[in-house]
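Please read the structure below before turning to the comments.
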Amino acid sequence: MIIVLKPKTSKKEAERVMAKIRENGLEPVPLFGIERTVIAVIGDSRTEALDGMKAMECIEKITSILKPYKLASREYKPDNTIVKVGDVEIGGKDFVIVAGPCSIESESQIMEIALFLKKVGIKILRASAFKPRTSPYSFQGMGLKGLKLLKQVKERTGLLVETEVMDVRDVKISAEYVDMLRIGARNMQNFDLLKEVGKVNIPVILKRGMNATISEFIMAAEYILSRGNKDVILCERGIRTFETAYRNTLDISAVPTLKKATHLPVMVDPSHSSGKRGLILPLSRASIAAGADGLMIEVHPNPEQALSDGEQSLYPEQFSKILEELKPICKVMGRNL
Ligand code: PEP
Ligand code: MN
């Protein structure tokens, strides 16, 4: 349920409406806009419960939203959300590429790639300290040591840093070391983890689960939003289909579909979508053309030696070339890169 207040309704009157909502055992989440205030009603909001409110003078309309998500919906917030990470804006005019290795492997590896990325104009470095690996025998990430290296890199290069969290117990500590958190595909429906990142005040990149529908994906974002963290970026990273020629199938339709249904920025990860470095350029082009707000791309100083995802990681020189090739497409789409 969404309640739209008349233009120029005072804050006091809005408070009265919210008190009424609470009286009905529901939770109001206000969005104070320049023009008007919109209040999302969270909880089991059957219309009868709020019938008595229709007579309130300051209410312009009460709309019931049939979709299960509210705070993520365009009905609640028609304007695009711009998520700020340091001085970078995701979801606005700038097209943002978050790049870096799959994992942090050593001080020299992360420093080398960070310096390279800085040189080619990248502002946000991705790198995982905690790794969700299919096999328990594969490299599991450097953990806390990795987080410390990321912070060092940030201090030395001025790059903003982003990393994955897999465990509720790591959320707060990770948020002290990095500028942005990531929930990986395998944890998209780890509801306790979603609630925990909903409580920190740094942005979160939420990746689509490989078997998640669009609605389930948006509901996962709703978990984070409903706990108070409004800085959520959705990331399409390919879904599981019958196709085995590549790692996952990039669901390009997800981009315009998510942009239409929600106000949140949408990114695409062509690296995990394809599993092949040869597909990064065409998939990136398609993502920009489909209306994505940014990309997440894996780049490694020496992909042959990578401890994870070497096959899909770009060589630095390939990455620079791809960046140049993407610029004209961004321009056509009215985005700055
Ligand atoms: C990653 O981005 O490092 C990753 C593991 O991706 P995904 O969760 O999409 O598989
Ligand atoms: Mn990876």
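Taking every eigenvalue of the Cα gyration tensor of region 35-166, multiplying by 5 and rooting it, what semi-axes result, largest first, whole Å?
45, 20, 11
Which value, in Å² rounded to 10, gives the accessible area of LYS145 with a 1.4 Å probe and all protein chains present?
We get 140 Å² for LYS145.
With a 1.4 Å probe and all protein chains in place, put LYS20, LYS118 in order of accessible area, largest first.
Correct descending sequence by accessible area is LYS118, LYS20.
I want the antiparallel fraction of DSSP beta bridges within region 83-332, as a percent rounded to 5. Could you put the intermediate results ahead of the total?
Numbers: 4 of 31 bridges.
If I count the DSSP bridges inside region 83-332, around 15 percent turn out antiparallel.
About the Cα centre of the chain, how large is the charge dipole given +1 on each Lys and Arg Cβ and -1 on each Asp and Glu Cβ? Please answer in debye to the nearest 20.
For this selection, approximately 500 debye.
Taking a temperature of 10 °C and a viscosity of 1.306 mPa s, what whole-number D in µm²/s does Stokes-Einstein yield for region 250-320 with Rh from Kirkwood over alpha carbon pairs?
126
On the full set of protein chains, 1.4 Å probe, figure out the accessible area of PHE191 and give it in Å² to the nearest 10.
For PHE191, the solvent-accessible surface is approximately 80 Å².
For a bin width of 5 Å, list the pair-distance distribution of region 220-281 built from all Cα-Cα distances, rounded to whole %.
Bin by bin from 0 Å, the calculated values are 4, 17, 23, 21, 16, 11, 6, 2, 0.
Taking every eigenvalue of the Cα gyration tensor of the chain, multiplying by 5 and rooting it, what semi-axes result, largest first, whole Å?
After diagonalising the Cα gyration tensor, the semi-axes are 38, 20, 19 Å.
Can you send over the solvent-accessible area of TYR315, 1.4 Å probe, protein chains only, in Å² to the nearest 10?
60
Can you give the Rg to Rh ratio of region 2-63, both from alpha-carbon atoms, with Rh computed by the Kirkwood formula?
When Rh is taken as the Kirkwood radius, the ratio is 0.92.
Mind ranking ARG22, ARG133 by accessible surface for me, highest first, 1.4 Å probe?
ARG22, ARG133
The values are calculated or read from the model by the stated rules, or taken from the named source; none is laboratory data. Here the structure is a predicted model, which means the values were calculated and not measured. Backbone-built Cβ (ideal geometry, glycine too); neighbour counts: all protein chains shown. Heavy atoms of the whole protein, side chains included, go into the accessibility calculation; ligands, DNA and RNA do not. Shrake-Rupley method; radii C 1.70, N 1.55, O 1.52, S 1.80 Å.
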